[in-house]
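Nothing in this text is a laboratory measurement; each read-out follows from the coordinates by a stated rule. All figures in this text were calculated on a predicted structure; none of them were measured in a lab. Note that we place each Cβ from the backbone using ideal geometry, even for glycine, and neighbour counts take in every protein chain shown.
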Amino acid sequence: MILVVGGWSILTGAGGARGAGVALAAVNLIANFLRPSYAPITAVISIGIDAVVVRAPCTDRRGAVM
């Protein structure tokens, strides 16, 4: 539920939600580094996704044209 509220806050433009999203993804990334032996393929995929999720809110897209 926390992730849903955080995602919605990011989509609405709340500044603090970007930091919370980065923090939650970083915690998940660190957790996957600590337990890769249980499911190594899934851990590597999750680490890659978390790296993208950590980078995405850190970029400035105010002037981007889609």
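A few notes on this one:
- Rounded to the nearest whole Hz, the Karplus-based 3J(HN,Hα) values (6.51 cos²θ - 1.76 cosθ + 1.60, θ = phi - 60°) of region 46-54 follow the sequence 5, 5, x, 5, 5, 5, 5, 5, 5, with x at glycine and proline.
- Answer label for semi-axes √(5λ) of the Cα gyration tensor in Å (calculated), chosen among (1) 29, 14, 10; (2) 20, 10, 9; (3) 26, 13, 9: (3)
- Degrees separating the helix 15-34 axis from the principal Cα axis of the chain, which is the longest one: 10
- Protection proxy ranking of 39-46, 18-25 - average other beta-carbon atoms within 10 Å, highest first: 18-25, 39-46
- Summing charges over all other residues whose Cβ lies under 13 Å from the Cβ of residue 22, with Lys and Arg as +1 and Asp and Glu as -1, gives +1.
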